[in-house]
Amino acid sequence: GAGVSQTPSNKVTEKGKYVELRCDPISGHTALYWYRQSLGQGPEFLIYFQGTGAADDSGLPNDRFFAVRPEGSVSTLKIQRTERGDSAVYLCASSALAPGELFFGEGSRLTVL
Amino acid sequence: AQSVTQPDIHITVSEGASLELRCNYSYGATPYLFWYVQSPGQGLQLLLKYFSGDTLVQGITGFEAEFKRSQSSFNRRKPSVHWSDAAEYFCAVGTRGQGGKLIFGQGTELSVKP
């Protein structure tokens, strides 16, 4: 597609449930990133894929968070046993050029009740 | 610890006035520096970037940003603000070898009075 696509745009779930957030990057972009943005804050790095492999997952807050990119294109961020503190906007970005030239999607807003 | 500070959470200026958005960073390696804009209903968009070379970077909307290593700053300026500049602006820092792993500031929300 023309830009980075994220689904769902909004997700409301109950504490303890499992959630999947999907990202479809710009075609041909080999690098894909997940960030999390809490209210009133800047985006916070979670994980970075180069191709199919996670090049850096140092930002994942704990083992409830996991992300995959099995074919080097679409990625899924998976959150197990959701907690109220997981409520945030989850941003996906892709890149093919110089470091830092990220193209962001509009985000998936997660609300955990 | 690596960090980015945007001291001004919210700025209000009159249309036509000059503007400076401040950004300070703390980073161990030679930084790459960026300014992104976030408007309601839209994703973050890259406005300006500094990798090396000329420390004054020009944007396409009349904004410019200047890298000052001695002050660890990458402030963004515009001589005359337009109502369409109202948005939230984020400064970010990264480094060679870390791909797109960026550290963002908490943002500055700009409001423009007619």
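The values are calculated or read from the model by the stated rules, or taken from the named source; none is laboratory data. What you are looking at is a predicted structure, and each value in this text was computed from that prediction instead of being measured. Note that we place each Cβ from the backbone using ideal geometry, even for glycine, and neighbour counts take in every protein chain shown. Protein only, heavy atoms only, side chains kept; ligands, DNA and RNA dropped before computing areas. Shrake-Rupley method; radii C 1.70, N 1.55, O 1.52, S 1.80 Å.
Select from B:ILE9, A:ALA88, B:LEU21 the residue farthest towards the positive end of the dipole of the protein assembly as shown; place +1 on Cβ of Lys and Arg, -1 on Cβ of Asp and Glu, and compute about the Cα centre.
The residue sitting farthest along the positive end of the dipole is A:ALA88.
For region A:61-113 and region B:35-110, write down the distance between their C-alpha centroids in whole Å.
23
Heavy atoms of the protein only, probe of 1.4 Å, neighbouring chains included. What is the accessible area of B:ASP54 in Å², nearest 10?
110
Determine the dipole magnitude for the protein assembly as shown: charges of +1 sit on the beta-carbon of Lys and Arg, -1 on that of Asp and Glu, nothing else is charged, the reference point is the Cα centre, and the result goes in debye to the nearest 20.
300
Can you work out the Karplus-derived ³J(HN,Hα) for every residue in region A:19-31? Use 6.51 cos²θ - 1.76 cosθ + 1.60 with θ = phi - 60°, whole Hz, and x for glycine or proline.
Calculated HN-Hα couplings, in order: 9, 10, 10, 10, 9, 10, x, 5, 4, x, 6, 8, 9 Hz.
Would you work out the relative contact order for region B:1-109, in percent, from Cα pairs under 8 angstrom that are 6 or more residues apart? Before the final figure, lay out each step's value.
Values: 240 pairs, mean separation 39.8, N = 109.
Relative contact order of region B:1-109: 37 percent.
Please state, to two decimals, what the Cα-based radius of gyration of the protein assembly as shown comes to when divided by 2.2 N^0.38 Å (N = residues).
Against the compact-globule rule of thumb, the ratio is 1.02.
Run the dipole for region B:3-113 about the Cα centre, Lys and Arg Cβ at +1, Asp and Glu Cβ at -1, nothing else charged, and hand back the magnitude in debye, nearest 20.
Dipole magnitude for region B:3-113 comes out near 340 debye.
Along the principal axes of its C-alpha atoms, what lengths does region B:3-113 span, in descending order and rounded to whole Å?
41, 29, 24
Considering the Cα positions of region B:41-90, please state its Rg to one decimal place and its Dmax as a whole number of Å.
12.0, 37
Identify, among B:TYR36, B:GLY100, B:LEU47, the residue whose Cα sits farthest towards the positive end of the charge dipole of region B:33-101, taking +1 on the Cβ of Lys and Arg and -1 on the Cβ of Asp and Glu, with the dipole about the Cα centre.
Final value for the positive-end residue is B:GLY100.
Would you pull out the residues with amide H under 5 Å of A:LEU46's amide H, same chain only if 5 or more places away, H placed 1.01 Å from N?
Residues meeting the amide H criterion: A:TRP34, A:TYR35, A:ARG36.
For chain A, would you read off the P(r) tail past 26 Å as a percentage of all alpha carbon pairs? Walk me through the numbers before you get to the answer.
Details: 749 of 6328 pairs.
For chain A, the fraction of Cα-Cα distances above 26 Å is 12 percent.
When only the heavy atoms of the protein chains count and the probe is 1.4 Å, how do B:GLU64, A:GLU20, A:GLU106 rank by accessible area, highest first?
A:GLU106, A:GLU20, B:GLU64
Would you mind giving the mean number of other chain beta-carbons within 10 Å of the Cβ of each residue in B:102-112, as a whole number?
Values: counts 10, 4, 7, 3, 4, 5, 0, 1, 0, 0, 0.
Partner-chain Cβ atoms within 10 Å, mean over residues of B:102-112: 3.
With charges set only on the Cβ (+1 for Lys and Arg, -1 for Asp and Glu), what does the dipole of region A:1-48 come to about its Cα centre, in debye to the nearest 20?
140
What is the percent carbon and sulfur in the accessible area of region B:3-113, measuring with a 1.4 Å probe over the protein chains and ignoring ligands? Show your work: numbers first, answer last.
Working: 2420 of 5160 Å².
The C+S portion of the solvent-accessible surface of region B:3-113 is 47 percent.
Karplus couplings for region A:73-79 from phi (6.51 cos²θ - 1.76 cosθ + 1.60, θ = phi - 60°), rounded to Hz, Gly and Pro as x?
Those phi angles translate into 10, 5, 10, 10, 9, 10, 10 Hz.
Excluding ligands, DNA and RNA, what is the accessible area buried between chains B and A, summed over both sides, using a 1.4 Å probe, to the nearest 100 Å²? Working shown, then result.
Details: alone 6320 and 6180 Å², together 10940 Å².
Heavy-atom accessible area buried at this interface is about 1600 Å².
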